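Below you'll find the structure, written out as structure tokens, and then a few comments.
The values are calculated or read from the model by the stated rules, or taken from the named source; none is laboratory data. These figures come from a predicted structure and were not determined experimentally. No Cβ is skipped: glycine too gets one built from the backbone with ideal geometry, and neighbour counts run over all protein chains shown. We work out accessible area using only protein heavy atoms, side chains counted, and drop any ligands, DNA or RNA first. Shrake-Rupley method; radii C 1.70, N 1.55, O 1.52, S 1.80 Å.
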There are 2 protein chains.
Amino acid sequence: MMNKIEIKYCSQCRWLLRSTWMAQEILTTFDGEVSELTLKPGTGGIFEVIANDVLIWSRKEQGRFPEITELKQIVRDVIAPDKSLGHSDKVNKKVI
Amino acid sequence: MMNKIEIKYCSQCRWLLRSTWMAQEILTTFDGEVSELTLKPGTGGIFEVIANDVLIWSRKEQGRFPEITELKQIVRDVIAPDKSLGHSDKVNKKVI
């Protein structure tokens, strides 16, 4: 329960709502497993997600936003690798 | 732009959505003045707002949640005392 998530977003791009939606999804799915989630407004098109100081998503690198199920899988892999995310885990693996 | 806000909420009480709504309001109103806003899930009916390490709202102490205009005024008083919050400032002063 000492896991920390950060979401850095570009406020000029109006990505606050998208970021807080993802924050809600992460805090709901990882209830009891995330101790804090920090929203950091930025500029210049930044959108990054950091889990326990590890950069797990960068819009600049990936060229897109993550799907929400994809984001949860990547968060899970860092903070709770044995956790099942239910049917969305299987669905996404089939698609990929 | 180095101001930090924390919202501690009771996840068992299902106050996540209320807390993220307040987070959005604060990040929107204080765009460029808040560098990070951290959501911290807790238990036992906790609802606290901390601005720059100062406890500015405790549901246990006040016995209620803040009105959103009230909360912004208290945040403003700590992080940007000279900032006007527009007409809601006047309206609330009249009511009080």
Could you tell me how many of the residues in the stretch B:1-28 are open to solvent by 40 Å² or more (accessible area, probe 1.4 Å) and more than 21 Å from A:Met22 (Cβ to Cβ)?
4
Can you tell me which of B:Ser35, B:Ser11 is within 14 Å of another protein chain (Cβ to nearest Cβ), of a type in the set (Gly, Ala, Ser) and either more than 22 Å from A:Ser11 (Cα to Cα) or under 11 Å from the mean Cα position of the chain (by Cα) (or both)?
B:Ser11
Looking only at the stretch B:14-32, and only at residues there that are in a loop (DSSP other than H, G, I, E, B) and not aromatic (Phe, Trp, Tyr), the one that is farthest from the other protein chains (Cβ to nearest Cβ):
B:Arg14
Among the residues of the stretch B:41-65, the number that are open to solvent by less than 50 Å² (accessible area, probe 1.4 Å), under 29 Å from A:Arg18 (Cβ atoms) and in contact (Cβ under 8 Å) with a residue 24 or more places away in the chain is 9
